[in-house]
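The values are calculated or read from the model by the stated rules, or taken from the named source; none is laboratory data. All of these numbers come straight from a predicted model, not from anything done at the bench. Don't worry about glycine lacking a Cβ; one is built from the backbone with ideal geometry, like all the others, and counts go over all protein chains shown. Surface areas here come from the heavy atoms of the whole protein model, side chains and all, with no ligands, DNA or RNA. Shrake-Rupley method; radii C 1.70, N 1.55, O 1.52, S 1.80 Å.
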Amino acid sequence: MMIYLEPYKKYAVFEGRASRREFWTYKLFVCLFFIALIGASAIFASLHLNVLSFLMGIAMVLFSIFTIIPGIAVTFRRLHDTNRSGWFLLLFFIPVIGSLVLLITFCLKSTPGANQYGPHPYGLSDTKKEGP
């Protein structure tokens, strides 16, 4: 299954939980796609193909717009998976420390079993070990 597409299937779903795998796979996909667009734009610019470079810039803007809502939604669901409110994301606005706290939180294991935000993403109960 293409887990990096899961956040797009749940485009604006801010409820439920997202596993570490779903979250980080999505973030990796977005970063690699941006790097590819930036690289293509740089290559076109170095070859003086300004129209194509400009089109890559437009593609980056459109991709940014297309990914902002699913990116925030998967982040909310990841926070829910660690038994934290989506409002915890506001820590991002605290320079350096807020981002570090969020990074550590995103790396934490899922809360075992169901929590107040829903069942475990892999359907595991308290007695089973967490999956990948």
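Taken as a whole, the condition of being closer than 25 Å to Pro121 by Cα and open to solvent by less than 70 Å² (accessible area, probe 1.4 Å) applies to Leu5. For region 4-25, a residue qualifies if it is β-branched (Val, Ile, Thr) and under 17 Å from Cys107 (Cβ atoms), and exactly one does: Thr25.
One residue stands out among those in region 38-97 that are of a type in the set (Gly, Ala, Ser) and under 30 Å from Gln116 (Cα atoms): the one that is farthest from the chain's Cα centre (by Cα), which is Ser85.
Kindly indicate whether any position in region 38-61 is among the aliphatic types (A, V, I, L, M), out of contact with any Gly (no Cβ under 9 Å at 6 or more places or on another chain) and closer than 24 Å to Arg21 by Cα. Checking region 38-61: not a single residue is among the aliphatic types (A, V, I, L, M), out of contact with any Gly (no Cβ under 9 Å at 6 or more places or on another chain) and closer than 24 Å to Arg21 by Cα. Just to be sure, is Gly16 small (Gly, Ala, Ser) and within 30 Å of Ala114 (Cα to Cα)? Yes.
Filtering Ala59, Ala36 for residues that are out of contact with any helix residue (DSSP H, G or I) (no Cβ under 8 Å at 6 or more places or on another chain) and small (Gly, Ala, Ser) leaves a single hit, Ala36. One residue is enough: does region 33-55 have a residue meeting the conditions in contact with a Phe, Trp or Tyr (Cβ under 6 Å, 6 or more places away or on another chain) and over 24 Å from Glu15 (Cα atoms)? Yes; the residues of region 33-55 include at least one that is in contact with a Phe, Trp or Tyr (Cβ under 6 Å, 6 or more places away or on another chain) and over 24 Å from Glu15 (Cα atoms). Scanning region 86-104 for residues that are touching a helix residue (DSSP H, G or I) at 6+ places or on another chain (Cβ under 7 Å) and free of Cβ contacts under 8 Å to residues at least 40 places away in the same chain yields a total of 8.
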